[in-house]
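The values are calculated or read from the model by the stated rules, or taken from the named source; none is laboratory data. Computed from a predicted structure; not experimentally measured. Glycine also receives a Cβ, built like all others from the backbone with ideal geometry; neighbour counts cover every protein chain displayed.
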Amino acid sequence: MSKDVLSLEDLARESGVTAESLAEWTKVKLLKPAGFTDRKAPLFAAGGLDRVAHIKRLADLGYGTEEILKIVKKVGLPRDGRGRKKSPDKDRFLTVGNLAERSGVSPWTIKHWEDKGIIEPDMRTEGGFRLYPEAYVFLCQLIRDLQLFGYTLEEIKAVSDEVRTFIAIEADPDAFPEAEVEKRLAAMHAAIQALFDKMKLLEEGIERWQDLLKKKKKDILALQAKNRKRAKAAKEPSDG
């Protein structure tokens, strides 16, 4: 799932344009980020370097930002070469710290899951930051729940693989052959049914334990009351 994505600083280094100029072009929407981190830092698709180079050429010819905007409105600029179908500024990427905070687990736990191959970053910046889509908040919560249900790491990895495949197919079905999509979706459907069956057993077990614990709680309260009554009687002076 790895994709090439650049932070503002990465884009400046790759394009030879100052970060200040890139920030200005982004502000006036000459450049459109491919997404944002949870802290609102812009991220750019590597294919956008062609667009930056085109704007830079116009700037080097002496055109100001406002003039470049007018040129863009009239003749446009090259696309970023990625052919993204959805609106790029609707993407949002999370750093490992953001993901940990949003999903209620520790960064160390996410790193451990990565080491086991249960999850993997969706993107990496050239600066080394690991980035994840927002859908991974649900995935991490699911993994945590499966651990509570007693699933092994191998079983959790199998479920996680299916979830990540579904996310990829849902985002871009045309990236997979039709036969492969059908095969994978059928396997996911079977896996979901197996989870439903296991959850039913868990629900039945939880219901039994709830009934048992309610009864035992009453028994404990009754024994406490009896014991306190006995202790109170022992402290009272006897007649005679």
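Here are the numbers for the structure shown:
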item	result
Test for ALA171: is it more than 22 Å from the chain's Cα centre (by Cα) and either of a type in the set (A, V, I, L, M, F, W, C) or closer than 25 Å to MET123 by Cβ (or both)	no
Options ILE169, ILE118: the member that is in a loop (DSSP other than H, G, I, E, B) and among the aliphatic types (A, V, I, L, M)	ILE118
Pick from the range 37-70, criterion loosely packed, with under 15 Cβ neighbours inside 10 Å and of a type in the set (Lys, Arg), ranking: modelled with the lowest pLDDT	ARG39
Contacts under 8 angstrom Cβ, first residue in the range 188-214 being touching a residue at least 12 places away in the same chain (Cβ under 8 Å), partner part of a helix (DSSP H, G or I) and among the aliphatic types (A, V, I, L, M), 6 or more apart	ALA191/ALA158; ALA191/VAL159; LEU195/VAL159
Single match in LYS183, LYS200 (criterion: of a type outside the set (S, T, N, Q), loosely packed, with under 14 Cβ neighbours inside 10 Å, within 28 Å of GLU114 (Cα to Cα) and under 28 Å from the mean Cα position of the chain (by Cα))	LYS183
Only one of PHE129, PHE93 that is modelled with pLDDT under 80, under 13 Å from the mean Cα position of the chain (by Cα) and closer than 27 Å to LYS27 by Cβ	PHE93
